[in-house]
1. List the residue pairs whose Cβ atoms are under 7 Å apart, where the first residue sits in the stretch 71-88 and is basic (Lys, Arg), the second is surrounded by 13 or more Cβ atoms within 10 Å (Cβ to Cβ) and assigned to a helix (DSSP H, G or I), and the two are 6 or more positions apart or on different chains.
2. Are there any pairs with C-beta distances below 7 angstrom linking a residue in the stretch 10-22 that is under 17 Å from Pro70 (Cα atoms) to a residue that is polar (S, T, N, Q) and open to solvent by 10 Å² or more (accessible area, probe 1.4 Å), with the two at least 6 apart or on different chains, and if so which?
3. Determine the pairs where a residue that is in contact (Cβ under 8 Å) with a residue 24 or more places away in the chain, located within the stretch 158-180, has a partner that is open to solvent by 90 Å² or more (accessible area, probe 1.4 Å) and acidic (Asp, Glu) with Cβ atoms under 7 Å apart, the partner being 6 or more residues away or on another chain.
4. Would you mind finding the one in Arg76, Arg99 that is over 21 Å from Phe37 (Cβ atoms) and basic (Lys, Arg)?
5. Name the residues in the stretch 72-95 that are of a type in the set (A, V, I, L, M, F, W, C) and within 19 Å of Trp154 (Cβ to Cβ), would you?
6. Filter the stretch 51-60 for residues that are open to solvent by less than 60 Å² (accessible area, probe 1.4 Å) and touching a residue at least 12 places away in the same chain (Cβ under 8 Å); which is nearest to Ile171 (Cα to Cα)?
7. Among what's in the stretch 1-26 and is buried (at least 18 other Cβ atoms within 10 Å of the Cβ) and more than 13 Å from the ligand (Cβ to nearest atom), pick the residue that is farthest from Lys165 (Cα to Cα).
8. Can you tell me which residue among Pro105, Pro112 is at negative phi and touching a residue at least 12 places away in the same chain (Cβ under 8 Å)?
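The values are calculated or read from the model by the stated rules, or taken from the named source; none is laboratory data. Just so we're clear, the structure is a prediction, and the values are computed from it rather than from any experiment. We place every Cβ from the backbone using ideal geometry, glycine too, and count neighbours over all the protein chains shown. Only protein heavy atoms, including side chains, enter the accessible area calculation; ligands, DNA and RNA are left aside. Shrake-Rupley method; radii C 1.70, N 1.55, O 1.52, S 1.80 Å.
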Amino acid sequence: MTDTRIAVLRLGHRKGRDPRITTHLALVARAFGADEFYLAGDEDAEMFATLSAVGERFGAALKMQHVKSPMALIKRWTRRDAGDGEPGTAAHLTMYGERFRAVIPTMPRNRPLLVVVGGTKVPAEVFECCQFNVAIGNQPHSEVAALALFLDEWGGDIDVAERFKDGRLEIVPSKDGKVVIDRDDENQGC
Ligand code: SAM
């Protein structure tokens, strides 16, 4: 487990075509340890509303922001200010990168991490500006799978009780059905 602050940047979102996959990407980001989600490409207030609702119900709400210039964000993050006034680390997920199980152990953990996930066409500048180009296998597949495997390898097991403690609903692992605690019900008088 690590307490590195993690943000995910999704490049090239297309409102008409990508809401489902980008929503899944953000849900994976939230579930596996990221706190911030930057969206480049089309703005999508509906998708942000869906994601906010998940955060309200289950906790660990993502801080979400649309960015007009993803390159400006990557450059600022890596060269100047990762949100705390100092440069941070950026890892671009790409099938052309280095093998994730080899490269993750070499990445700094004492600075905020921006994980950059591509869309249809990723500009060469992204490869150049991110300190790490990371492959989850060197074959094309899915951004959602790539992010999930990366975050799992990065963070391992999440402290669920701590991370999702502000949610209204808590899912209790069960072998034979859905067990959900509604904290609003628990706070009601008898
Ligand atoms: N055709 C696009 C391009 O020119 O790069 C890639 C499309 S792919 C469906 C979308 C994103 O999924 C990629 O930009 C990358 O972030 C991620 N992805 C897909 N396969 C990957 C892999 N093997 N390793 C790491 N990331 C991968």
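1. Pairs found: Lys75/Cys129.
2. Cβ pairs passing all conditions: Gly12/Thr120.
3. Arg168/Glu56
4. Being over 21 Å from Phe37 (Cβ atoms) and basic (Lys, Arg) holds for just one of Arg76, Arg99, which is Arg99.
5. Ile74, Trp77, Ala82, Ala90, Ala91, Leu93, Met95, listed by residue number.
6. Phe58
7. Thr23
8. Within the list Pro105, Pro112, the selection yields Pro112.
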